[in-house]
Amino acid sequence: MTVRPARKIRLEDVAEAAGVSRATASRVISRTGPASPAVQDRVRNAARQLGYQPDQVARSLAGGAGFRLVVAIVGTTSRVLDDPYVDRALAAAAETAAPYGVGVSLQWLPRRSPRLDRLAEDRSVRGVVLFNTTEATLAGMPAALNRRVASIGIGSPSVPSFDVDNGGAASTIVRHLYGIGRRRIAMITGPPWLPCAWRSVKAYQDLVRSAGLPVRLVAGDFSAAGGQRGMRIVLRRWPDTDAVFAINDATALGAIAVLRETGRLVPDDIAVAGFDDIPFAELSAPALTTASHPVGAIVSAAVTAVLDGSRVPPAAVFPSTLVRRASA
């Protein structure tokens, strides 16, 4: 007795089961064009129930649609790509995208003209994960990227966001500095144009004001050089400062370098704390007190949401914990 192999499920079968045209089913499966959320759900449910597997070779010959996830970093200049945080994010994105058969590319988006329309029109782009997202970036989101984009930072009704609890981390660090007896705590912040950075600033302001302490803010840019500039300003404006909370570890390491150059002892004269817990934090002299930033888990969740095309909560917030070392 000869048993014929089961017929391979075709795209036409998925389209028929979902009650849409073949072209619509193709757009949904390959993520190359617009479709309403309801239609996307019907097509994906039909494909799942029928066990449909896209022909990757045919898709490649058709133009390579859907074979690239773009990690897009918004910044004033391309130097934003040098941040150690970007390396961690890119590694997590590549690891998460690999089982989907999707490669990952890195792109800088100029803050004043992000041009997301180019990514929306590129048929090789299966999805986009935005970093350093601004209100202007969200306002200019092309409809063609609907359900193909996630944000690390702020989001919108159509763009889900994934981020660490910046405010909670800042509160934990400032409380720690206060708990070890520091009463003149300055903060070196992130770029003023970046909305998510202000959650940390607000937490700092709320806590020091509630304790009757002076607010001492200096703008930084997430870099060690920015931390050096910010620390010099702090010393010039408020020479009695006894602690510094830096917006991230790179900024904190820059601050420590200036304190070392000027003969101040850390933490005896001025305690320093950062945020991110990058690998270098443990190796600095003294080792840096900081707060954890689960970059891998955050980016993995965002990438999974984009590549699965599934509905997710509008905002996902990941906790941070204090990592106490010698600097504070």
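Of everything in the stretch 5-18 that's in a helix (DSSP H, G or I) and hydrophobic (A, V, I, L, M, F, W, C), which residue is modelled with the lowest pLDDT?
Restricting to residues being in a helix (DSSP H, G or I) and hydrophobic (A, V, I, L, M, F, W, C), the top hit is L11.
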Looking at the stretch 222-253, which of its residues are without any contact (Cβ under 8 Å) to a residue 60 or more places away in the chain and out of contact with any strand residue (DSSP E or B) (no Cβ under 8 Å at 6 or more places or on another chain)? A224, A225, Q228, R229, R232, L235, R236, P239, D240, L253
Inspect the stretch 267-281 for any residue being of a type outside the set (D, E, K, R), under 21 Å from T321 (Cα atoms), surrounded by fewer than 16 Cβ atoms within 10 Å (Cβ to Cβ) and in contact with a Lys or Arg (Cβ under 6 Å, 6 or more places away or on another chain) and give the result as yes or no. no
Checking the structure you have, find out if any residue of the stretch 216-236 is touching an Asp or Glu at 6+ places or on another chain (Cβ under 8 Å) and closer than 21 Å to D83 by Cβ. yes
Can you tell me which residue is modelled with the lowest pLDDT among those in the stretch 48-87 that are under 19 Å from L307 (Cβ atoms) and either of a type in the set (F, W, Y) or in a helix (DSSP H, G or I) (or both)? S60
Please indicate, with yes or no, whether at least one residue in the stretch 255-272 is farther than 30 Å from F67 by Cα, in contact (Cβ under 8 Å) with a residue 12 or more places away in the chain and within 15 Å of the chain's Cα centre (by Cα). no
Given the condition touching a Gly at 6+ places or on another chain (Cβ under 9 Å), closer than 29 Å to D277 by Cα and polar (S, T, N, Q), answer yes or no: does some residue in the stretch 117-133 qualify? yes
Is it fair to say D117 is surrounded by 14 or more Cβ atoms within 10 Å (Cβ to Cβ), more than 13 Å from L307 (Cβ to Cβ) and among the acidic types (D, E)? no
Filter the stretch 305-317 down to residues that are at negative phi and buried (at least 16 other Cβ atoms within 10 Å of the Cβ) and give me whichever is nearest to the chain's Cα centre (by Cα). A316
Check off (1) in contact with a helix residue (DSSP H, G or I) (Cβ under 6 Å, 6 or more places away or on another chain); (2) farther than 30 Å from G75 by Cα for D242 and give me the number that stays unchecked. (1)
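Rundown of residues vs (1) under 17 Å from A302 (Cα atoms); (2) of a type in the set (A, V, I, L, M); (3) not assigned by TED's automatic domain parsing to the domain that holds V312, yes/no style:
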| residue | (1), (2), (3) |
| --- | --- |
| G127 | yes, no, no |
| A143 | no, yes, no |
| I154 | yes, yes, no |
| V159 | yes, yes, no |
| I188 | no, yes, yes |
| W198 | no, no, yes |
| D206 | no, no, yes |
| A211 | no, yes, yes |
Restricting to the stretch 220-263, count the residues that are surrounded by fewer than 17 Cβ atoms within 10 Å (Cβ to Cβ), not in a helix (DSSP H, G or I) and not acidic (D, E). 4
Residue in the stretch 19-35 that is out of contact with any Leu (no Cβ under 9 Å at 6 or more places or on another chain), at pLDDT 75 or above, outside any helix (DSSP H, G or I) and small (G, A, S) present: yes
Condition check: in contact with a helix residue (DSSP H, G or I) (Cβ under 7 Å, 6 or more places away or on another chain) and either closer than 20 Å to V71 by Cβ or buried (at least 16 other Cβ atoms within 10 Å of the Cβ) (or both). Does G153 satisfy that? no
Could you tell me whether R199 is modelled with pLDDT of 95 or more, charged (D, E, K, R) and surrounded by fewer than 23 Cβ atoms within 10 Å (Cβ to Cβ)? no
G296 passes all but one of (1) in contact (Cβ under 8 Å) with a residue 40 or more places away in the chain; (2) of a type in the set (G, A, S); (3) out of contact with any helix residue (DSSP H, G or I) (no Cβ under 6 Å at 6 or more places or on another chain); which number fails? (3)
When you check A291 against the structure, is it in contact (Cβ under 8 Å) with a residue 12 or more places away in the chain and more than 23 Å from the chain's Cα centre (by Cα), yes or no? no
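The values are calculated or read from the model by the stated rules, or taken from the named source; none is laboratory data. Remember, predicted model here, so these are calculated numbers, not experimental data. Quick reminder, even Gly has a Cβ in these numbers, built from the backbone with ideal geometry, and neighbours come from all protein chains shown.
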